[in-house]
Every structure is written in C-alpha cells, then in structure tokens.
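Structure first, then comments.
The values are calculated or read from the model by the stated rules, or taken from the named source; none is laboratory data. What you see is a predicted model; the values in this text were computed from it and never measured. Methodologically, a virtual Cβ is constructed for each residue, glycine included, from the backbone with ideal geometry; neighbour enumeration extends over all protein chains shown.
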Amino acid sequence: MTLDVKHIPYGISQYVTQQFREDFLFSCHKITTPKGRIFYDVEVSKDDITHQLMFDHEGKLVKEQDEVNFPDVMDELDLQ
C-alpha cells in the first residue's frame, strides 16, 4: 500500500527529515508480512544516490540499500 507523506509514521518522518530532508522522499509503502508483521519500504534520493530504506512498525531503520543513479553516466563523466 502506497502511503501519502501525511500518513508516514512519525519515527520514519523524523529519520528522513534529519538524514535527507523530506522533499527527497519518493515513495513509502506499507508492507504486511503473512505473519502480520508491518514494515515500511521508503525510497529517498540525495546526491545522485537512491536510498532504499526498510523500517519496522515502530519506525526503526532495519535495512538500508544504496544505489547510484545512472552509474554508467557517472563513470563516463569521471573519465573525461
């Protein structure tokens, strides 16, 4: 389920605001596992890096994965 920014849990909103600024937030999805556990998958972008963040139901960061946006272009620019 995609969440509106207004419905993101407070702990997640605080983390994103402190680490990235809220205007870098691309998406937030609420995930409920088959066992009923709730997680939030959040995607933010800053400095040409997309950060995929996973939070638990209390808003605690449990996983982060970073990916460089347009890595081939970045490599080409470094070679010039």
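Tabulated values for the structure
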| read-out | value |
| --- | --- |
| Residue pairs meeting the criteria (Cβ under 8 Å; at least 6 apart or on separate chains; first modelled with pLDDT under 90 and loosely packed, with under 11 Cβ neighbours inside 10 Å, in segment 47-71; second assigned to a loop (DSSP other than H, G, I, E, B) and of a type outside the set (S, T, Y)) | F70/D48 |
| Close pairs (6 angstrom Cβ cut-off, 6 or more residues apart or separate chains): exposed (fewer than 15 other Cβ atoms within 10 Å of the Cβ) in segment 27-42, of a type in the set (F, W, Y) anywhere | I31/F39 |
